[in-house]
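Here's the structure, in structure tokens; my notes come after.
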Amino acid sequence: MERGIGFHCEGCWLYGVLSLPANVPLSARGVVMVVGGPQYRVGSHRQFTLLARELASQGVPVLRFDYRGMGDSEGDPRDFSDVEADLCAAIDTFFTEVPGTREVVLWGLCDAASAAMFYAHRDQRVTGMVLLNPWARTEEGAARAYLRHYYLSRLFDRGLWTKIAAGRFDLAAALRSFRGLLGKAARGTSAPAPATSQPGEAAQAVSPGLPEKMLDGYSRFRGHTLFITSGADLTAREFEALASGRGWRRVMRGKRVARERLRDADHTFSRMEWRDQVARWTADWLRRW
């Protein structure tokens, strides 16, 4: 059962959709989907809509909504670092509209996962997070991920060697790009991040201090977390490298942290079997604690 709702946030109307269980017991633990930019409440490949309906069919109420300035909601556009008021208003509304709810889990992909990390520790109603391919972009980190994973895979790409043999490969340009990435990986620069084919990334600005802000927020959070990463995604690889480093290792272990990795999946889980696996992991994890 789905129902459209509207609610206020600092003088603007925001709009979303509640997915509610029908003919199954209502869980006291609900889910609020945090939408990464630039997207609206449906999500890439309708993932948010399909996941909300699946969770509701298992008794879990779900709210997905548009930030101010996105989709149908009023107000000026804003990025993931400035949505705390939006999240708070959405959770307020969720508790009002779904009596019996006692706690919520924030579910977010890419920079929505980062936004959830910023917010969760400030709101005691948030007891869990599902974070997919968190956006932790720095130029240095992106360059290292690109060098480690893209260039290595290209060495074993038959198409590349076919181009080289046919004289259709610009070796000089490739070497310039490679040297540039080496420099960024070694020290970081103010130049733009490497080009990427992943949706949404080209429009993202580099955020100095982003990993530190994520760690600060996440280390204050006392709830449960499920991390889901994609094997064929440089954003995920960059976060995995970050999470294995000093400071992060301490907060990434323990009974309250679960991790899953979908080996062949891309950034937005574009195939049905990947989205279905994410839905199964989410539903199983919600019942586990």
| message | Which order do the peptides 37-49, 124-136 come out in when sorted by mean C-beta neighbours inside 10 angstrom, highest first? | response | 124-136, 37-49
| request: Would you kindly derive the ³J(HN,Hα) couplings of the stretch 245-251 from the backbone phi angles with the Karplus curve 6.51 cos²θ - 1.76 cosθ + 1.60 (θ = phi - 60°), listing them in order in whole Hz, with x for Gly and Pro? | output: x, 4, x, 6, 4, 5, 8
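I need the shape label for the stretch 68-142. Rule: rounded when a/c is under 1.5, else prolate if a/b > b/c, else oblate, with a, b, c from the alpha carbon gyration tensor. Could the numbers behind the result be given before it?
Values: a/c = 2.51, a/b = 1.40, b/c = 1.79.
It is oblate, given that a/c is not under 1.5 and a/b is not larger than b/c.
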| Between residue 9 and residues 5 or more places away or on another chain, which pairs have amide H atoms under 5 Å apart, with H built 1.01 Å from N, and which residues are they? | 14
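Where the only charges are on Cβ atoms (+1 Lys, Arg; -1 Asp, Glu), what is the dipole of the stretch 71-141 about its Cα centre, to the nearest 20 debye? Working shown, then result.
Values: 5 positive and 14 negative charges, 85 e Å.
Dipole magnitude for the stretch 71-141 comes out near 400 debye.
Just the number, please: Stokes-Einstein D of the stretch 1-101 in µm²/s, Kirkwood Rh from C-alpha pairs, 25 °C, 0.890 mPa s.
Numbers: Rh = 13.5 Å.
Answer from the Stokes-Einstein relation: 181 µm²/s.
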| task | Output ³J(HN,Hα) for the stretch 232-244: one whole-Hz value per residue in order, computed from phi by the Karplus curve 6.51 cos²θ - 1.76 cosθ + 1.60 with θ = phi - 60°, and x for Gly and Pro. | result | 10, 8, 5, 4, 5, 5, 5, 5, 4, 5, 4, 5, 8
| request: Quick one: which residues, 5+ away or cross-chain, put their amide H under 5 Å from the amide H of residue 135? H built at 1.01 Å from N. | output: 110, 111, 113, 114
| Going from most exposed to least, what order do 289, 13 have by accessible area with a 1.4 Å probe? | 13, 289
| query | Quick one: Cα centre-to-centre distance for the stretch 6-58 and the stretch 238-289, in angstrom? | reply | 20 Å
| residue 260's amide H: which non-local residues (gap 5+, or another chain) put their own amide H closer than 5 Å, with H modeled 1.01 Å from N in plane and none for Pro or chain starts? | 227, 228, 229
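Please list 1-9, 114-122 highest first by mean number of surrounding beta-carbon atoms within 10 Å per residue.
Working: 1-9: 14.1, 114-122: 23.7.
Ranked by mean Cβ neighbours within 10 Å, highest first: 114-122, 1-9.
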| request: For the stretch 267-275, take each phi angle, set θ = phi - 60°, evaluate the Karplus expression 6.51 cos²θ - 1.76 cosθ + 1.60, and give the result in whole Hz per residue in order, putting x for glycine and proline. | output: 4, 9, 6, 6, 9, 4, 5, 6, 5
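The values are calculated or read from the model by the stated rules, or taken from the named source; none is laboratory data. Since the model is a prediction, treat every value here as computed from it, not as a measurement. Because the Cβ atoms are built from the backbone with ideal geometry, glycine has one as well, and the counts that use them run over all protein chains shown. For the accessible areas, the whole protein counts, side chains as well, though only heavy atoms, and no ligand, DNA or RNA atoms are used. Shrake-Rupley method; radii C 1.70, N 1.55, O 1.52, S 1.80 Å.
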